[in-house]
Amino acid sequence: MIAETKRLILRRYKPEDAQDLFEYLSDEAVVEYEPYRPMTFSEAEKNLAWRISTDEMIAVELKDSRKMIGNVYLGRRDFEAREIGYVFNRNYWGHGYAAESCAAVVQQAFAGGVHRIYAECDPRNERSWKLLESLGFRREAHFQKNVWFWKDEGGNPVWKDTYVYAKLHDE
């Protein structure tokens, strides 16, 4: 186990998570702002193998039902920094699970000596940046048309904006 909160267990991924992972990675609404499309079960199984192999992906499980409902990503970056991200099953949105799990991960990272944690999100993903603000992150940048994940029918990149949020250890 990585951490425990009042309602959640944060842990490494395991092979038994395949169905729960597929449930949310196959949902178009869940992956709308992610750099990947909804996954088939086979794709989710391959993705799970990668999640099992890394300690940067943290599975979020409900204590009461033992259901895995989402994940927090905490990627290592230069200069004692980490990048945080999160994706949750749509059936569990609006219950504070993302905030609860991210708060625990942020607290643990800072306690472990991390200097800075940042996140990037699509400005249209209001739920995401409001979550970051509720955790004390501040908006540092608004990059305009700086990335693209997809191309249109003509083969042209579909550019999108990015908000960058961050929080320092001593804040």
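Some values worked out for this structure:
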item	result
Apportionment of accessible area to carbon and sulfur, region 21-79, percent (1.4 Å)	51 percent
In region 1-107, chymotrypsin sites (Phe, Trp or Tyr not before Pro) in a DSSP loop with at most 14 other beta-carbon atoms within 10 Å	Tyr36, Phe79
q = 0.09, 0.10, 0.14, 0.16 Å⁻¹: log10 I(q)/I(0) that the Debye formula gives for the chain, counting C-alpha atoms only	-0.31, -0.38, -0.77, -1.01
Fraction of accessible area attributable to carbon and sulfur, region 101-153 (%, probe 1.4 Å)	48 percent
Under 26 Å from Lys67, Cα to Cα: lysines that are on another chain or at least 8 residues apart	Lys6, Lys14, Lys46, Lys130
Area of Arg11 that stays accessible when all protein chains are in place (1.4 Å probe, Å², to 10)	20 Å²
Computed magnitude of the charge dipole of the chain (debye, nearest 20; Cβ of K, R +1, Cβ of D, E -1)	280 debye
Accessible area per residue, Å², the chain with all protein chains present, probe 1.4 Å	55 Å²
In Å², nearest 10: area of His115 left accessible to a 1.4 Å probe	90 Å²
Region 85-171: Cα Rg divided by the 2.2 N^0.38 Å rule of thumb	1.25
Highest-fluctuation residue, Lys160, Lys151, Lys67 considered, GNM on the chain with Cα pairs under 10 Å	Lys151
Those aspartates and glutamates that a straight Cα-Cα span of less than 16 Å connects to Lys145, excepting residues fewer than 8 apart in one chain	Glu34, Glu120, Asp122, Asp161
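The values are calculated or read from the model by the stated rules, or taken from the named source; none is laboratory data. Everything quoted here is computed from the prediction, not taken from an experiment. With ideal geometry, Cβ positions are generated from the backbone for all residues, glycine too; neighbour counts draw on all protein chains shown. Side chains are part of the model used for accessible areas, which takes the heavy atoms of the whole protein and leaves out ligands, DNA and RNA. Shrake-Rupley method; radii C 1.70, N 1.55, O 1.52, S 1.80 Å.
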